[in-house]
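Working notes, structure below.
The values are calculated or read from the model by the stated rules, or taken from the named source; none is laboratory data. These numbers were taken from a predicted model, which means no experiment stands behind them. Positions of Cβ are generated from backbone atoms using ideal geometry, with glycine treated the same way; all protein chains shown enter the neighbour counts. Surface areas here come from the heavy atoms of the whole protein model, side chains and all, with no ligands, DNA or RNA. Shrake-Rupley method; radii C 1.70, N 1.55, O 1.52, S 1.80 Å.
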Amino acid sequence: MRLLRTLAIASTTAVLLMGQAIAAFAHPQHEPTAVSMTSPARSATAKYHILTVAKKAGYSILADTAGITCIAEPGMGAMGVHYVKGDLVKDPAIDSAHPEALVYAPDRHGKLQLAALEYVVIKADWDASHPQPPGLGYGVQDTLAPPWLFGHEFNFTDAPNRYGLPPFYSLHAWVWKDNPAGTFAMWNPNVTCNG
């Protein structure tokens, strides 16, 4: 009888622990390292919670080739409304304190709230400023590694694309709004363009 009770308690404990582990993986949280790595970027961009400050700093609204300003992807969520500083996009340097784009999410009343930072570099500019290493001589064309920031590799968007841009690299950092898909995911299921 005592053995059965011990087995029952051990089985119940195992099931509870397994359930907690599954729940933790099903709902990713901000990793403490992501928060600490992005702290300087948060500090540098806190002033842009006020949209007029962002506009005075040279950020202007971005519309895609169809004239859409709130970027969404059915089934994935949305990014939101991008305010871009063109001079930074033209510069291949990556500086966490000076994102090329500020991403605002509409709240339920349609008011824009700073949600994420986006770092963008045109692929040709990146390639030109980062010489290709010598080939290995096996007939395989070596390619340059994409940029990295906050320990994450940038995403690649080829041309043609909805923005009318040449091929580019980008990285979103959801430092102002929680993203259950991950701090550096492109789309945020908690953001909608419907307000």
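When Ala93 is tested against (1) more than 14 Å from Leu165 (Cβ to Cβ); (2) not in a loop (DSSP other than H, G, I, E, B), exactly one condition is not met: (2).
So, in the stretch 164-179, of the ones that are open to solvent by 30 Å² or more (accessible area, probe 1.4 Å) and touching a strand residue (DSSP E or B) at 6+ places or on another chain (Cβ under 8 Å), which residue ends up nearest to Leu117 (Cα to Cα)? The residue in question is Trp176.
Being touching a Ser or Thr at 6+ places or on another chain (Cβ under 8 Å), within 26 Å of Val53 (Cα to Cα) and modelled with pLDDT of 95 or more: is that true of Ala116 here?
Details: touching a Ser or Thr at 6+ places or on another chain (Cβ under 8 Å): no; within 26 Å of Val53 (Cα to Cα): yes; modelled with pLDDT of 95 or more: yes.
Here the answer is no, as Ala116 does not meet what is asked.
Give the stretch 180-195 a look and list any residue that's open to solvent by less than 30 Å² (accessible area, probe 1.4 Å) and in contact (Cβ under 8 Å) with a residue 24 or more places away in the chain, or say none. Before the answer, list the steps.
Pass one, the stretch 180-195, residues open to solvent by less than 30 Å² (accessible area, probe 1.4 Å): 182-185, 188, 191.
Across the stretch 180-195, the qualifying residues are Gly182, Thr183, Phe184, Asn188, Val191.
Entry remark, the stretch 96-135: residues being under 23 Å from Phe156 (Cβ atoms) and part of a strand (DSSP E or B) number 11 in total.
Taking the condition at positive phi and open to solvent by less than 10 Å² (accessible area, probe 1.4 Å), does Gly110 pass? It would help to see each step written out before you state the result.
Details: at positive phi: yes; open to solvent by less than 10 Å² (accessible area, probe 1.4 Å): no.
It is false that Gly110 is at positive phi and open to solvent by less than 10 Å² (accessible area, probe 1.4 Å).
Scanning the stretch 33-43 for residues that are open to solvent by less than 30 Å² (accessible area, probe 1.4 Å) and aliphatic (A, V, I, L, M) yields Ala34, Ala41.
Residues checked against (1) at pLDDT 95 or above; (2) buried (at least 20 other Cβ atoms within 10 Å of the Cβ); (3) in a strand (DSSP E or B):
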| site | (1), (2), (3) |
| --- | --- |
| Tyr48 | yes, yes, no |
| Val53 | yes, no, no |
| Ile68 | yes, no, no |
| Ala72 | yes, no, yes |
| Met79 | yes, yes, yes |
| Tyr83 | yes, yes, yes |
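Just one of the numbered conditions (1) surrounded by 20 or more Cβ atoms within 10 Å (Cβ to Cβ); (2) touching a helix residue (DSSP H, G or I) at 6+ places or on another chain (Cβ under 8 Å); (3) closer than 20 Å to Phe184 by Cβ is not true of His98: (1).
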